[in-house]
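J.: Right, I'll just put the structure down here and ask away after.
Nothing in this text is a laboratory measurement; each read-out follows from the coordinates by a stated rule. Treat the numbers as computed from the prediction; the structure is a model and nothing was measured. Because the Cβ atoms are built from the backbone with ideal geometry, glycine has one as well, and the counts that use them run over all protein chains shown.
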């Protein structure tokens, strides 16, 4: 009954948890450093930075009539599809002298139509920021020519030309490295906390009161020299006990030998008589 009551009233000691973490602060710092260096090295040596540039064109030309507005809005998806066809992309590859195939260029190009607008945005992602900008502008010019031919109008206007990106996209090595180090250190710290909570062994007077509900009246300090003295005393006791057993066995064997000799002499005397 007392045990159940004690377990029910048990509360987590947050100061004890902080002390557990503080006692292992260097382990947590080492884990953070390992996580940071590992992820940062991965980004530095194994991840190729990619740069993204976009060019935007206005689908309508100057002589587009009002009746064509609704039609051109519905044709935006068609224009996007035309730009990504093999004929158009291969023409851009030949025009710019790119050392890539249609599939390679196709994977780097994206065309989208911003909501409720008459614009098309051509985005190119490449490991070279200048190359991404040049390809995006060339694709935008090619799309303008295609729209003029299809709609039988003048070429649409360019809203924004692509410029080389100053930083890679989707790659923040410092932030991700800090996050990885924090996660590793936090995971190790959580393991230490869980092990401390699950450890119900009695270590001091506070644990006696916590687990058993008893007050400690006195404490006997632990002396390592006394422990070594007790162990040596136990060893000597075992050695003496073994010696006594050996002496007892030797004495018994001597008595048995004397009895056997007496029996042999009695049997010989009986035979002679």
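J.: Please compute the modelled spin-label separation between residue 94 and residue 158, points set 7 Å along Cα→Cβ, answer in nm with one decimal.
T.: So the label points at residue 158 and residue 94 sit 2.3 nm apart.
J.: In nm, give the distance between the simple-model label positions of residue 101 and residue 27, each being 7 Å from the Cα along the Cα-to-Cβ direction.
T.: It is 5.3 nm.
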